[in-house]
1. For the stretch 76-107, name all the residues that are surrounded by 15 or more Cβ atoms within 10 Å (Cβ to Cβ) and farther than 24 Å from residue 42 by Cβ.
2. Listed residues 80, 144, 90; which is under 18 Å from the mean Cα position of the chain (by Cα), over 16 Å from residue 31 (Cβ atoms) and at pLDDT below 95?
3. Any residue in the stretch 58-71 that is surrounded by fewer than 23 Cβ atoms within 10 Å (Cβ to Cβ) sitting within a Cβ distance under 9 Å of a residue that is modelled with pLDDT of 95 or more and not in a helix (DSSP H, G or I)? List the pairs, counting only those 6 or more apart or interchain.
4. Counting only residues that are closer than 15 Å to residue 130 by Cα and in contact with a helix residue (DSSP H, G or I) (Cβ under 6 Å, 6 or more places away or on another chain), give me the helices (runs of 4 or more DSSP H) lying completely in the stretch 1-116 with at least 2 of them.
């Protein structure tokens, strides 16, 4: 074994999706879909619209997108995500999910400490505030069954093609 491990730390498997809370598992799944591209992003929209209804889904999606944009632009290093069908959870995915869950459940100090692992220190307070709002939306979504959102069946996505999963 050498001291240099070419495998990035953030990509190491640390958990299984079944070990996460429903909100964390939903967040990891949507994180993976989002980074998969436009089709995955359409799936994220469809799922949130089915769970929350179009108005709340639009708001949740905006928060999620803002949080990911901020995280990617100011990341200490690129996030390592696994593919959408993978049951394993990478270290980065687990940390991101825990960060958002901590922020949403009023563990602000913990969320700030975790944010500093993900983004530059000067951006951490903004990231934690966004994570709190996005996390609350994902907690609501995780508690809702798909199809429970008001008017979700007739609502279309803002731009991407509709693709229900």
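The values are calculated or read from the model by the stated rules, or taken from the named source; none is laboratory data. None of the values given here were measured: they were computed from a predicted structure. Note that each Cβ is placed from the backbone with ideal geometry, even for glycine, and that neighbours are counted across all protein chains shown.
1. If we filter the stretch 76-107 for residues that are surrounded by 15 or more Cβ atoms within 10 Å (Cβ to Cβ), which is where we start, we get 79-82, 84, 86, 89-105, 107.
Passing the criteria: 91, 94, 95, 98, 99, 101, 102, 103, 104, 105, 107.
2. Answer to the selection: 144.
3. Within 9 Å, the pairs are 70/119; 70/123; 71/119; 71/123.
4. Values: elements: 22-36, 38-52, 54-73, 91-104.
The qualifying helices (runs of 4 or more DSSP H) are 54-73, 91-104.
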